[in-house]
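As structure tokens, the structure follows; a few thoughts come after it.
The values are calculated or read from the model by the stated rules, or taken from the named source; none is laboratory data. Note that the structure is predicted; figures quoted are calculated from it, not measured. Note: ideal-geometry Cβ built from the backbone for every residue, glycine included; neighbour counts use all protein chains shown. These accessible areas exclude ligands, DNA and RNA; they are computed on the full protein's heavy atoms, side chains included. Shrake-Rupley method; radii C 1.70, N 1.55, O 1.52, S 1.80 Å.
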Amino acid sequence: YVVLMPPIPGRPPYTDSWQASWEFIKRTVPLAAEPFFAGDGIEAYQVELPPAVETFDLDLGGPGTFAYRGEGWDAAEEGVVEAESGPVSAIWATATESRFFATLARPTAATYALSVRALPYRFPDAPAQTATLVVNGRALATQPVGDDWQTLTWEVPGDRLQEGLNRFALRWAYAAAP
């Protein structure tokens, strides 16, 4: 649920920006068309989960993915150049754990593949970067993240997934951004 509260009179900066904040939430979060409660300047909405699917593609750096991202991500970037394929979207991890979500149909396969296209931020004397996938609170294998763009793939046991909302996290050895 999302509850949108009016500003407390005389309490900037929210008194100056609350309408823009409400519009941002309404544009970026998949809310029900109408609030289930509206009164005294308050609006309460149910968040609408996307339809459950068996497979799921998500470009976290692309437009329209704000609702799938949890904590630990910077703003999405369009047109980050990858030498071999041209411009690609990207998003920097800004914490040692970066979360994302997917709504899935009832898992039926024994295993699923989850792939992440990654490029670490490298700086002088940077430690080796690694990524560990966490699925609904349970960690899978840790993989090294090399110095160039690469695809990291994990085999996710079907019994680690659930029908409906699934919570994923990438745990990084370190977090540093340009």
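Here are the numbers for this structure:
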| item | result |
| --- | --- |
| So residue 75, is it at pLDDT below 90, within 23 Å of residue 25 (Cβ to Cβ) and open to solvent by 30 Å² or more (accessible area, probe 1.4 Å) | yes |
| Test: residue in the range 106-125 that is open to solvent by 40 Å² or more (accessible area, probe 1.4 Å), at pLDDT 90 or above and closer than 28 Å to residue 1 by Cβ | no |
| Every pair of residues 6+ apart whose Cβ atoms lie under 7 Å, when the first sits in the range 28-49 and is among the basic types (Lys, Arg) while the second is at pLDDT below 90 and surrounded by 13 or more Cβ atoms within 10 Å (Cβ to Cβ) | none |
| Selected residue (criterion: farthest from residue 51 (Cα to Cα)) from residues of the range 160-178 that are of a type in the set (Gly, Ala, Ser) and loosely packed, with under 14 Cβ neighbours inside 10 Å | 177 |
| Which numbered condition residue 99 misses (of (1) modelled with pLDDT of 95 or more; (2) open to solvent by 60 Å² or more (accessible area, probe 1.4 Å); (3) out of contact with any strand residue (DSSP E or B) (no Cβ under 7 Å at 6 or more places or on another chain)) | (3) |
